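Note sheet for the following structure.
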Amino acid sequence: MARNKYPEETYQLILDVSTRLFFEKGYERTSLQDIIDGLGGLTKGAIYYHFRSKEEILIAVVEAMSREHNAVMKEIRDDPSLNGKEKIEKMFAKSLTDPQQKEFFSVTPNLMDNPTLLAYYLKMVTSEVVPDYIVPVIRQGAEDGSIHTDCPEELADLLMLLTDVWVNPTIFSMSEEQMARRIELLNDLFKPFGIELFHEDMIQLMKECHKAQNEK
């Protein structure tokens, strides 16, 4: 295959090939040479024109997955038929039932061993997910009485810190039993606010995500 003279097509091709390889082999076991071999004749220079490292490729893959997920979150956030409590619980349910969630856990390496990826993940959660989706919903819940708090912004930060970090198997290595205890504690912690994040079927999905992370 000749060098692609259209940079945007080359960029998308690199993402498509990398995504497939990350899903098939896992991020850690996929080399840049594997990606080059899948590009049909494009050179290493084609990759370095767009990405400085394999970490940057993974970030671009995750960003593409996040755009689809955020579209779903936006739809829930803007649904006039739901109160704040219903929205926040539906957001978490959708996050866990989204097929891409399990794929995300199967692709993403342990973030504790990858400071660049960990910093990117935390920045994405704190600067995009929390202010754009979680804060407005909790603020609505505080106003309509379905969520009991006088501090919606702080509750949103706490909720995402605990759910997206403390029980995230890509950050903390833990057994299924440890995860189950943390989830049970989270349910107890958020119950006074009127929020029940993890039902039994959602706990099972969390265990599947945990398994996917450990099988990489």
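Given the DSSP H assignment, sum -39500 (n - 2.57) over each helix run of at least 4 residues in the chain and divide by its residue total; what's the result at 222 nm in deg cm²/dmol, nearest 500?
After summing the helix terms and dividing by the residues of the chain, the value is -20000 deg cm²/dmol.
Quick check for you: with a 1.4 Å probe and neighbouring chains kept, what is the accessible area per residue of the chain, in Å²?
52 Å²
Per Stokes-Einstein, at 20 °C and 1.002 mPa s, what whole-number D in µm² s⁻¹ belongs to segment 71-161, with the Kirkwood radius over Cα pairs as the hydrodynamic radius?
Taking Rh from Cα pairs, D becomes 152 µm²/s.
For the pairs LYS54/LYS191; LYS54/LYS94; LYS44/LYS74; LYS74/LYS123, note any where the Cα-Cα span goes beyond 31 Å.
Cα-Cα > 31 Å for LYS54/LYS191; LYS44/LYS74; rest within.
Go through segment 128-134 residue by residue and turn each phi into a ³J(HN,Hα) via Karplus (6.51, -1.76, 1.60, θ = phi - 60°); whole Hz please, and just put x for glycine and proline.
Each residue of segment 128-134 in turn: 10, 5, 4, x, 7, 10, 7 Hz.
Could you tell me what percent of the accessible area of segment 113-162 is made up of carbon and sulfur, with a 1.4 Å probe and every protein chain present?
Looking at segment 113-162 in its full context, I get 57 percent from C and S.
What aspartates and glutamates does LYS25 reach when the alpha-carbon gap must be under 16 Å and sequence neighbours fewer than 8 apart in one chain are set aside?
The qualifying aspartates and glutamates are ASP16, ASP34, ASP37, GLU55, GLU103, GLU215.
If R0 is 35 Å, what FRET efficiency do you get for LEU122 and LYS191 from their C-beta distance, rounded to 0.05?
Rounded to the nearest 0.05, the efficiency is 0.85.
Which three numbers, in whole Å and largest first, are the semi-axes of the equivalent ellipsoid of the chain derived from its Cα gyration tensor as √(5λ)?
36, 19, 14
The values are calculated or read from the model by the stated rules, or taken from the named source; none is laboratory data. Predicted model, so just to flag it, every value in this text is computed and none were measured. Every residue, glycine as well, gets a Cβ built from its backbone with ideal geometry; the counts of neighbours run over all protein chains shown. Surface accessibility is based on the protein's heavy atoms, side chains included, excluding ligands, DNA and RNA. Shrake-Rupley method; radii C 1.70, N 1.55, O 1.52, S 1.80 Å.
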